[in-house]
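Every number in this text was worked out from the coordinates using simple rules, so none of it is lab data. On a predicted model such as this, the values are computed, not experimentally measured, just so you know. Cβ placement follows ideal geometry from the backbone for every residue including glycine, while neighbour counts extend to all protein chains displayed.
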Amino acid sequence: MVKPWQDTTLPAHARAADLLARMTNEEKTAQLSSVWIGADTEGADVAPGQHTFAARSAVLDALLPYGLGHLTRPFGTVPVEPAEGVARLADLQRTISGGNRFGLPAIAHEECLTGFTAWQATVFPTPLAWGATFDPALITDMALAIGVSMRAVGIHQGLAPVLDVVRDPRWGRTEEAIGEDPYLVGTIGTAYVQGLQSAGIVATLKHFAGYSASRAARNHAPASLGPRELADVILPPFEMALRDGGARSVMPAYNDIDGLPAHAHPALLTQLLREQWEFTGTVVSDYYGVSLLEEAHKIADGEGAAARLALAAGVDVELPAARCFSPTDALPEDLLDRAALRVLTQKCELGLLDPGWEPVTADGPVDLNPPHMRELAQRVAQESVVLLANDAGVLPLRDGLRIALVGPLADEQAAMLGCYTFPRHVGVHHPGLPTGIDVPTLAEALRTELPDAAFVGDLAGADICLAVVGDRSGLFGRGSSGEGCDAEDLQLPYGQAEVLDSAMDSGVPVVIVVLSGRPYALGRWAGRAAAVVQAFFPGQEGGGAVAGVLSGRVDPSGRLPVAVPARPGGQPAPYLAPPLALHGFPSTVDPTPLYPFGHGLSYSAFAWDLPECDAPELPTDGDTTVRLTVRNTGDRAGTEVVQLYLHDPVGTVARPEVRLVGYARVPLDAGASAEVHATFPADLAAYTGADGRRVVEPGALELRIAASSAEVHHTVPLTLTGPVREVGHERRMRCEMRVK
């Protein structure tokens, strides 16, 4: 007889509640637990404190009689051939489901920040490159493909996207973030969530919250956040991805906010997330985040105390391995029931409670890098390359030139790959292991792109010099960018400034190509470089994408998701700054960037007609539509990116001078035109006032239609009328942009 928890006609919550009522406390606790098989083996070194904590974590055999909540990284811990990985995971799931009296399998989770982090899987560009595309639809397609590949091998949950808004690009995890603007991060991140979850994979929003605002940009450092910065800059991307994207899991951050660690923050994880935002999914700890309440934050006296703090705050699952959430340690039953019900509900939604459930198996070879995924990786890479400068008109390059290719990253595969790609995350611990995928370097791609060019080693004999600089990604000090690889300043690492100086002094025109995980200060060469191209770890197809932009085969259409500074000092990013933080007030430091947020050039040219506004006066609960015609006046096809910024002349608290509220990519053939419609809701003018309420106020506003945050083509004055209006979670968070 089918029991209610097995009845697929009942709602998931009801089925989970029925199962919960049949469980012992030990079985409930096991559903909050995880096991990381292989974490203590040689060559598995992918998380801070991994080996220290692994020795004290619960093992699978001890949990089998009770069940298991999560299985950690069955593909992403050590190299495994894909078909063999499917078979191993299926065997593990049979062991897990066969070991407990309800026959419950575990949720298998993996990293998927730059694609499925598994050997031989497609490597996509890093999230900072997603931001540079300004193309949510493409990111949805990418995430769908990633999700389909994961689901096909038995994975249920992906630990992505990262929705941290960059506040100081010295932070090593800048490459994992989407950008420095909350609207861009929110819209691109939501697109990723929608794609991943449409494939049946649970998306996990991280890191909630304030991780990127750490002091001096140091990993895990406290975040000095005021309530308005938290509310208006840090939190909106999470809110958008939950409300509009329907994300089903959230991961707290390692940092504390004003002394309270996120893993023990009831106001964040319960009052805001659950009660105000009505989130019903699971909160999974960052790796060892519960243990760190005891070991690092020093707010818990022992593992049990850490578990109780985390549970009370709203953490449901301890990842990557059970150490504090132990079936042998009595936990408060009301908190235990609350968390276990959420986990069981998610398992039900994933089909893991259905009668006759069987693990995924493979009948033959498993291809994690098929042609359609490589094509998607190529499209994302191509759209993400940013042409920063072309003052001398040397780009695009013509074939047949004598090209001096210099710089330590010109022929370096690592320059293409972010820190959460399998080759840089796991593969580096396995010397001699083949990459498993084809990752052409820029030098290799250029030789294919320009077959008649002569690549010369002597600058004196060259027509032009390509100086390739930037980062090698890594983790915890094994690179210049990546988790735990924070920078003291924004000077190019590895002595690359001297490489550029030497190239500039040669008298040969120099094109600077930056392949990096963060922006670096380039003001030292402003006006001296013939051209500058920026790509943010563009993935396995990145070499061809950058080479295509240099040759002109690809028209550059990427836009900066983070400003490029002029000077290497660690000043905060100037974008989203109030007037007092900008240049012009008494200070010897000029924070004006060399290239501002949203900047990017094309090989074509565009003209923007005067905009028309339906209603320049609108109520505080209304909206208005602005229309603008964009024309391609160049001699080749290209893509313009129309950006809409909001300027609020007077507020009750200091406000950013401008902030992004809408954008649209406008691809046009030579001589063609298109009309861009932007419907701006007054809700987008809301901000958190002095009393902590988010309000829309009557008064003057200005929409700035721009090619970047600093290059304004047109302004549209608006007037909001009516009463001050408080808005909450139901507010409109998007400007609808249509291209006709």
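Data table
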read-out: Computed label-point distance, nm, for sites ALA605 and ALA670 using a 7 Å Cα→Cβ extension; value: 1.3
read-out: Helical mean residue ellipticity (222 nm; -39500 (n - 2.57) per DSSP H run of 4+; nearest 500) of the chain; value: -7000 deg cm²/dmol
read-out: Simple spin-label estimate for GLU498 and ARG447 in nanometres, 7 Å along Cα-Cβ; value: 2.8
read-out: Of every Cα-Cα pair in segment 88-229, the percent that sits beyond 22 Å; value: 45
read-out: Packing-based exposure ordering (other Cβ within 10 Å, fewest first) of VAL233, VAL360; value: VAL360, VAL233
read-out: Cα pair distances of segment 446-494 binned at 10 Å [whole percent]; value: 22, 31, 22, 24, 2
read-out: Two-site FRET efficiency, THR679 against ASP489, from Cβ-Cβ distance with R₀ of 35 Å, rounded to 0.05; value: 0.25
read-out: Set of lysines with alpha-carbon distance to LYS206 below 29 Å, sequence-local pairs under 8 removed; value: LYS28, LYS298, LYS347
read-out: Debye log10 I(q)/I(0) for segment 354-505, one point scatterer per Cα, at q = 0.11, 0.18 Å⁻¹; value: -0.60, -1.33
read-out: The chain: angle of helix 371-384 to the longest principal axis, Cα-based, in degrees nearest 10; value: 50
read-out: R0 of 51 Å, Cβ-Cβ distance HIS429-THR633: FRET efficiency to nearest 0.05; value: 0.45
read-out: Kirkwood hydrodynamic radius over Cα pairs of segment 492-584, then Stokes diffusion coefficient at 25 °C and 0.890 mPa s, in µm²/s; value: 162
read-out: Ordering of 305-318, 71-84, 105-118 by packing [mean C-beta count within 10 Å, highest first]; value: 105-118, 305-318, 71-84
read-out: Ranked THR95, THR620, criterion: other C-beta atoms within 10 Å, fewest first; value: THR95, THR620
read-out: Folded to 0 to 90 degrees: helix 136-151 orientation relative to the chain principal axis, Cα; value: 40
read-out: J(HN,Hα) series, segment 513-524, from Karplus relation 6.51 cos²θ - 1.76 cosθ + 1.60, nearest Hz, glycine and proline x; value: 10, 9, 10, 8, x, 8, x, 10, 5, 10, x, 4
read-out: Cα Rg over Rh - segment 290-409, Kirkwood; value: 1.27
read-out: From phi via Karplus (6.51, -1.76, 1.60), per-residue ³J(HN,Hα) for segment 560-568 in Hz, x at Gly/Pro; value: 5, x, 9, 5, 9, x, 7, 10, x
read-out: Near-label residues of segment 319-360 by backbone N, under 20 Å of a point 7 Å along Cα→Cβ of ALA21; value: 333-349, 353-355
read-out: Relative contact order of the chain, pairs being alpha-carbon contacts under 8 Å that are 6 or more residues apart, as %; value: 13
read-out: Listed residue (ALA682, THR624, SER708) projecting farthest to the positive dipole end of segment 606-739, Cβ model; value: SER708
read-out: Helix 12-21 axis, angle to the chain major axis (alpha carbon atoms, nearest 10°); value: 40
read-out: Computed magnitude of the charge dipole of the chain (debye, nearest 20; Cβ of K, R +1, Cβ of D, E -1); value: 380
read-out: GluC sites (Glu not before Pro) restricted to DSSP loop in segment 479-549 with at most 16 other C-beta within 10 Å; value: GLU488
read-out: Hydrodynamic radius (Kirkwood) for segment 178-261, which is based on Cα pairs only, to one decimal in Å; value: 13.1
read-out: Segment 253-261 - phi-based ³J(HN,Hα) in whole Hz, Karplus 6.51/-1.76/1.60, Gly and Pro as x; value: 8, 6, 6, 9, 10, 6, x, 10, x
read-out: Amide H within-cut-off set for TYR663, under 5 Å, with H built and near neighbours excluded; value: LEU644
read-out: Alpha-carbon radius of gyration plus Dmax, which is the widest Cα pair, for segment 425-521 in Å; value: 16.1, 43
read-out: Long-range amide H partners of HIS70 with built H, under 5 Å; value: SER33, SER34, VAL35, ILE107
read-out: Loop-resident sites, segment 689-740, for GluC sites (Glu not before Pro), counting at most 14 other Cβ within 10 Å (DSSP); value: GLU711, GLU730
read-out: Long-range amide H partners of TYR595 with built H, under 5 Å; value: VAL564
read-out: Distant alpha-carbon pairs in segment 606-739 (separation over 18 angstrom), percent; value: 54
read-out: Compactness of segment 60-125 as Cα Rg over 2.2 N^0.38 Å, two decimals; value: 1.23
read-out: Of (1) 13, 27, 29, 26, 5, 0; (2) 17, 50, 29, 4, 0; (3) 11, 28, 30, 22, 8, 2, 0, the label for P(r) over Cα pairs in 20 Å bins from 0, in percent derived from the coordinates; value: (2)
read-out: Cα-projected label distance for GLU84 with HIS372, points at 7 Å along beta-carbon direction, nm; value: 2.9
read-out: Added length on full extension, which subtracts the Cα-Cα distance from 0.36 nm per residue, ARG398 to ASP354; value: 9.7 nm
read-out: Largest to smallest principal axis extent of the C-alpha atoms in segment 231-356, angstrom; value: 45, 38, 23
